[in-house]
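A quick write-up on the structure given underneath.
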Amino acid sequence: MNLINKIEEGKCSVEELQQLLNEQNPIILYHVMTYIGKEKIDTNSMQRKLEELSSRRESSDKLLGYYKVGDLAIATLIKLGKAPSELSSYQSLSEFDQKMIINLLEELEW
């Protein structure tokens, strides 16, 4: 079974998902973060890792289209119940980028 199928089918433990947040591959990060948001898997260490990932907004961190790994990390944190006002990474963005993250949050099939 490939890793993406394992994630999508819910066959990864919380610990495995948390470990996968250390991956450099944006495709794996996309699947892990959307699964975490969809299933509302929320631990303190997972939140810390997502907050760390939220700063990854360089061109090398591109996911699809305009969106970057950091954008999805912020959207995942919001999906888990964090208020945007609590996220310094969100607050430091331009109004345009903030709107793009809200669009991403609404567009994803959590």
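Among (1) in contact with a Gly (Cβ under 8 Å, 6 or more places away or on another chain); (2) open to solvent by 60 Å² or more (accessible area, probe 1.4 Å), which single condition is E107 missing?
(1)
Go through (1) at pLDDT below 95; (2) open to solvent by less than 50 Å² (accessible area, probe 1.4 Å) and name the single condition R57 misses.
(2)
Being within 16 Å of I4 (Cβ to Cβ) and in a helix (DSSP H, G or I): is that true of T34 here?
Working: within 16 Å of I4 (Cβ to Cβ): yes; in a helix (DSSP H, G or I): yes.
So T34 fits the description; yes.
Which of the following residues is free of Cβ contacts under 8 Å to residues at least 24 places away in the same chain and either surrounded by 12 or more Cβ atoms within 10 Å (Cβ to Cβ) or of a type outside the set (K, R) (or both): N2, N22?
Numbers: N22 fails: free of Cβ contacts under 8 Å to residues at least 24 places away in the same chain.
Result: N2 is the single residue among N2, N22 that is free of Cβ contacts under 8 Å to residues at least 24 places away in the same chain and either surrounded by 12 or more Cβ atoms within 10 Å (Cβ to Cβ) or of a type outside the set (K, R) (or both).
Would you check if there is a residue in the range 39-51 being modelled with pLDDT under 95, open to solvent by 20 Å² or more (accessible area, probe 1.4 Å) and acidic (D, E)?
Yes, the conditions are met somewhere in the range 39-51.
Restricting attention to the range 37-46, and to residues there that are in a loop (DSSP other than H, G, I, E, B) and of a type outside the set (D, E, K, R), which single residue is farthest from the chain's Cα centre (by Cα)?
Narrowing the range 37-46 to residues in a loop (DSSP other than H, G, I, E, B): 40-43.
Checking which are of a type outside the set (D, E, K, R) leaves us with 41, 43.
Details: I41: 12, T43: 14 Å.
In this case the residue turns out to be T43.
Looking at the range 1-30 only, could you name the residues that are touching a helix residue (DSSP H, G or I) at 6+ places or on another chain (Cβ under 7 Å), outside any helix (DSSP H, G or I) and within 22 Å of S60 (Cβ to Cβ)?
L21, E23
Taking the range 60-104 as the search range and keeping residues that are touching a residue at least 12 places away in the same chain (Cβ under 8 Å) and basic (K, R), which one is surrounded by the most Cβ atoms within 10 Å (Cβ to Cβ)?
K68
The values are calculated or read from the model by the stated rules, or taken from the named source; none is laboratory data. Predicted, not measured: the structure shown is a model, and the values here were computed from it. Note that each Cβ is placed from the backbone with ideal geometry, even for glycine, and that neighbours are counted across all protein chains shown. The protein model used for the area step is the full one, side chains on, heavy atoms only, and it has no ligands, DNA or RNA in it. Shrake-Rupley method; radii C 1.70, N 1.55, O 1.52, S 1.80 Å.
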